[in-house]
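This report concerns only the one structure given below.
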Amino acid sequence: MEGKPESRVDPVSAVDRDGGAVVVHPAGEVDLYNAHQVREALLASCADAPERLVVDLAAVEFLDSTALGVLVEARSRMADRKGFVLAAPGPEAMRALEVSGLDKHFVLRTTVEEALAS
């Protein structure tokens, strides 16, 4: 299959800034075909040197290994890696994090609000 399937949603639904925090909202399936768009949004957010960068995974239906690599790369760009927080992972996103072992390496919170407050 060539190009982007018609049924796909924009892989980054929003980027919100609030003081020293940035919240990136990926959505749908994040995989080899569109992970570069999520990467661009995350690295641009990291370049702003936020105190906290929250990735809201609530609307993510699927993460492949390319998407997981993007998360690892983005976290490595943070001056304080503990400021990179994954929020609200659904069952599929959580499964990908657990199977890869990355759930042990990322700061995970159940909601964006909790991530911003931590």
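Here's how it looks for SER13: its modeled amide H is under 5 Å from those of HIS25, ALA27, which are all 5 or more places away or on a different chain. Taking only DSSP H segments of four or more residues, each worth -39500 (n - 2.57), what value at 222 nm results for the chain once the sum is divided by all its residues, to the nearest 500 deg cm²/dmol? Only helices count here, giving -10500 deg cm²/dmol.
Which one, ASP80, ASP103, ASP18, has the greatest fluctuation when you compute a Gaussian network model over the chain with C-alpha springs under 10 angstrom? In this elastic network of the chain, the residue with the biggest mean-square fluctuation among ASP80, ASP103, ASP18 is ASP18. Scanning the chain for GluC sites (Glu not before Pro) in DSSP loops with at most 10 neighbouring Cβ atoms within 10 Å leaves 7-118 as the longest stretch between them.
Quantify, in whole percent, the carbon and sulfur part of the accessible surface of the stretch 5-118 (1.4 Å probe; protein heavy atoms only).
Taking all protein chains in place, the stretch 5-118 shows 51 percent carbon and sulfur surface.
Note that the chain presents 55 Å² accessible area per residue, ligands and nucleic acids not counted, probe 1.4 Å.
Comparing LEU43, LEU102, LEU68 in a Gaussian network model of the chain where C-alpha atoms under 10 Å apart are linked, the largest mean-square fluctuation is found at LEU102.
Taking the chain as a Gaussian network of alpha-carbon nodes connected by springs under 10 Å, the highest mean-square fluctuation of the residues VAL85, VAL15, VAL23 belongs to VAL15. Quick check on the chain: take the gyration tensor over C-alpha atoms, sort the square-rooted eigenvalues as a ≥ b ≥ c, and tell me if it's rounded (a/c under 1.5), prolate or oblate. Prolate.
Taking every DSSP beta bridge that has both residues in the chain, what percent is antiparallel when rounded to the nearest 5? For the chain, the DSSP antiparallel bridge percentage is about 30.
Multiplying the residue separation of GLU98 and ARG17 by 0.36 nm and subtracting their alpha-carbon distance yields 26.3 nm.
The values are calculated or read from the model by the stated rules, or taken from the named source; none is laboratory data. Note that this is a predicted model, so its numbers are computed, not measured. Counting neighbours? That spans all protein chains shown, and the Cβs are built from the backbone with ideal geometry, glycine included. Surface accessibility is based on the protein's heavy atoms, side chains included, excluding ligands, DNA and RNA. Shrake-Rupley method; radii C 1.70, N 1.55, O 1.52, S 1.80 Å.
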